[in-house]
Amino acid sequence: MNAENFLHIQRFFLFFLLVSSQILFSPPLSRTVFAEEKEVLSSEKNAAEEQARISAEIEKIRSYAEMSLKTGAESVQELQNRLSDIEKLGKEIETEISLYEIQLSGHSNLLLLPEARIEDLIKAQSQHHAALKNVLEYIADIQSKVSLITRQQQQTADQYSLNVSQLANLKNEMPRTPVTEKLAEDLNSLIDLIETRQEVLGKIRNIYEKTAETLVKTRSRLTDLSEKFERIIAEKKRQAIFMREKSTIVSLRFSEIREEMLRVPARSVSLLGADYQRIAEMGPVPPTAFVLIFCLVLIFVFRFRSWCSFLDAQGHLAENYPSRHFVLSFFSQSLPLTGLLLYIAVFGHIRNLTASLSFYRPLVYILYVWLWSRWGIDFMALWNARQKKQIPESLRKKLRNLLLIIRVFTISMLTAAWLIGPESRTVLLLRISFYMAMLAWCLFFWRKYRETIHRPEERPVSPRLHHTAMVGISFLIPFGAIFLELIGFGNMADFWFASWSFSFIGLLWAWLLFRLLREWGEKFRDSSLITSSEKKNRRPIQWLLIQFCWLLWGSNVLLAAVFAWHPDKSAVISGYFEILTHSLPVPNMQISILSLFYTVAVLLVTHAGTRVWRMLLSEKLLAHSGFDPGLKNSITVVSSYLLWFFGILIALSIIGVEGQSLAVAFGGLGIGLGFGLQAIFNNFISGIIMLFERPIQVGDVVEVGGIWGEVKKINVRSTEVKTYDYATLIIPNSKMISDQLTNWSFNDKRVRRSVYV
């Protein structure tokens with residue numbers, strides 16, 4: 001074989017190897033290439049899907065941003081409108097404050113005038129109190145609005161921070177696409193809108209704070225001047241009593257009275273027209289509210305009166321409790337007039353109508369005089385109808401005529417003082433005529449009294465001390481008033497008669513309540529013979545309530561005496577409430593007479609409510625439930641303890657005991673449990689276990705230490721078991737749980753006993 005042939009063979013062999021390798025190795029390589037191409041296509045698809053998802057999320061965020069832009073624009077527009085309204089309101093408040101400042105200057109000058117009248121000072125004080133009330137309402141309203149603006153500013157600041165961070169993330173982490181560019185533009189607009197909202201809220205808050213600062217300064221000045229008003233009016237009232245008037249009975253001329261009477265029609269039209277104008281300026285809401293509330297008060301009063309009559313008839317009070325029946329009948333007869341007077345007085349005080357309406361104060365006084373005389377007439381009628389020792393009819397008619405004389409003359413003087421003036425000659429003439437009529441009545445009454453009580457054919461009896469005192473006081477009142485009028489002290493004469501009238505009213509009610517409390521005490525002492533365990537359990541609380549009522553009666557009698565003879569009645573009432581609300585120097589507590597009264601009232605209400613709840617639960621709600629008696633008793637006892645728990649918490653909160661103090665007390669209790677109260681706490685837990693697990697129930701027959709008995713009551717600390725020898729075992733609950741005990745009627749009420757003969 002030559003070289004050329006060998007070269008051809010070698011080339012063929014190489015070609016064969018190349019073709020074989022191509023056949024052997026080309027399929028895997030092609031599969032790898034295809035796999036790579038497929039992976040590239042899959043990654044491109046995933047990237048497209050991720051891009052679509054991100055685009056959808058961005059589109060959703062952009063829709064939210066657009067919606068926020070729309071609502072934010074509306075909110076900003078609303079705030080801008082509100083800003084304009086607040087600016088107007090601020091200007092109106094500034095104008096009103098300027099009027100108050102002018103009023104303050106006028107009142108300050110009035111207080112400095114030594115010849116200022118008490119009526120003008122009282123009217124100015126009422127206007128001053130109305131201004132102070134309005135300023136306090138403005139301050140409270142603005143403080144609430146400032147707190148609301150503060151919350152809105154905080155929310156706006158949080159929203160601003162969130163949008164700024166979203167915009168930064170969008171610019172740093174997201175690619176620049178048309179969608180992201182649009183979202184960034186929306187976020188920028190939203191941030192600008194939030195900045196505008198913050199600016200508007202800041203302006204609103206500045207207006208509120210500026211107005212509040214001005215109002216606080218005005219409040220301070222009004223408060224300082226209020227104290228001066230109270231002090232100067234009290235001094236003026238004391239001075240007016242001892243001040244001698246220029247117009248006395250000696251200088252009285254009927255020509256002047258005739259001129260005053262001729263001016264009455266024109267003055268009455270003027271006063272009523274001014275009052276009507278003030279009522280019209282109030283708008284339709286206050287008069288409508290007055291009428292509606294008045295109707296509701298009348299409905300309530302008449303319903304309460306019918307309930308008193310029903311209570312009197314159902315309880316047979318006339319036979320069992322005569323004093324209670326008398327007081328209830330006496331109170332219910334004058335209840336509509338009493339409710340009317342209280343409603344008009346309270347409504348006028350709240351709405352400050354005594355200063356704005358000229359007829360309101362005389363109307364309140366007229367109703368008071370009518371009620372006072374009505375009490376006297378009703379008292380005499382009820383006394384003769386229900387008491388054995390009656391007032392003779394002739395004397396009762398005389399006393400009734402006296403009350404009618406007082407009613408007619410007092411109403412005439414109040415009307416004349418309203419239409420003409422308190423210092424007019426007509427009022428002076430009416431006062432003198434009234435005192436002379438009273439003096440004449442005294443002369444005729446005591447002569448009739450001697451003829452009625454002491455017959456001419458009977459031997460004269462020496463007068464008793466109380467009879468002499470009554471005669472002396474009855475003549476002293478008109479004689480003293482006439483003497484004071486003659487020497488020119490008309491105000492002192494008015495005070496003299498008004499103080500005696502208040503004294504008689506207080507004496508009447510003090511006597512009625514004295515009889516009521518005395519009858520209650522007598523019934524309580526008579527009930528000591530009753531051996532019922534239920535009534536014995538009520539005795540300590542009832543005794544405590546009676547003593548508390550006696551203490552309250554004595555303090556109110558003392559208050560009535562001071563109120564009757566003190567020249568400034570409002571100072572007596574305010575001083576009385578200051579004494580009641582004065583806090584005792586006890587750290588971390590607010591103990592006062594009034595808070596102690598409320599605490600005792602809450603505990604008494606809790607006690608009564610617990611008893612009613614136990615009765616209602618056992619006899620009404622669970623009566624037909626199908627539960628066994630033990631389960632009923634457990635539910636009743638546990639719910640009663642819960643009521644007591646909440647009642648004690650309320651009582652502690654009234655006297656100012658805080659949660660921190662309770663935590664300290666419970667901490668001390670825990671230390672006490674660790675040292676010396678383990679047995680008590682063990683009995684307490686055992687009682688709770690017995691109430692829930694109910695191994696022993698009320699009514700079960702048990703055997704304890706060889707003694708048989710019936711379970712009567714399961715308390716928190718102990719269990720009462722009554723033996724068949726009528727002895728009561730007081731067994732600690734821990735003994736009932738830990739020691740061995742035989743329950744003969746646990747599953748079956750049938751009990752078997754072995755009797756050895």
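The values are calculated or read from the model by the stated rules, or taken from the named source; none is laboratory data. Predicted model, so just to flag it, every value in this text is computed and none were measured. Virtual Cβ from ideal backbone geometry, glycine too; neighbours counted across all protein chains shown. Calculation scope for accessible area: heavy atoms of the full protein, side chains included, ligands and nucleic acids excluded. Shrake-Rupley method; radii C 1.70, N 1.55, O 1.52, S 1.80 Å.
Quick notes on this one:
- For the residue pairs Lys182/Lys203; Lys91/Lys203; Lys620/Lys722, the C-alpha atoms sit more than 22 angstrom apart in Lys182/Lys203; Lys620/Lys722.
- Vicinal HN-Hα couplings computed from phi for the range 113-129 (Karplus, 6.51 cos²θ - 1.76 cosθ + 1.60; Hz; Gly/Pro x): 6, x, 9, 5, 7, 5, 4, 5, 5, 5, 5, 5, 5, 5, 5, 5, 5
- Under 5 Å from the amide H of Ser718 lie the amide H atoms of Asn733, each residue being 5 or more positions distant or on a separate chain, with H modelled from the backbone and absent for Pro and chain starts.
- Split the accessible area of the range 243-335 by element, probe 1.4 Å, and carbon with sulfur accounts for 67%.
- Across the range 366-371, coupling constants 3J(HN,Hα) worked out from phi with the 6.51/-1.76/1.60 Karplus curve, θ = phi - 60°, read 5, 5, 5, 4, 4, 5 Hz, and Gly and Pro carry x.
- Probe 1.4 Å, protein heavy atoms only - accessible area per residue of the range 102-215 in square angstrom: 56 Å²
- Across the range 308-379, Cα-Cα distances exceeding 13 Å account for 69% of all pairs.
- Note, ³J(HN,Hα) from phi for the range 488-493, Karplus 6.51, -1.76, 1.60, rounded to Hz, x at Gly and Pro: x, 9, x, 5, 5, 5
- Solvent-accessible heavy-atom area per residue, rounded to whole Å², over the range 260-331 at 1.4 Å: 68 Å²
- Normalising the Debye intensity of the range 378-429 to I(0), with uniform scatterers on Cα atoms only, and taking log10 at q = 0.27 Å⁻¹ returns -0.95.
- Accessible surface of the range 113-164, 1.4 Å probe, proportion on carbon and sulfur as whole %: 56 percent
- Cα-Cα over 29 Å, subset of Lys88/Lys133; Lys123/Lys145; Lys389/Lys569: Lys123/Lys145; Lys389/Lys569
- When only alpha carbons are used to place a centre, the range 319-382 and the range 182-208 end up 62 Å from one another.
- In plain terms, the chain from Glu259 to Trp613 could stretch by 120.3 nm, reckoned as 0.36 nm per residue minus the Cα-Cα distance.
- Summing Lys and Arg as +1 and Asp and Glu as -1 over all other residues whose Cβ lies under 14 Å from the Cβ of Leu517 gives a net charge of +3.
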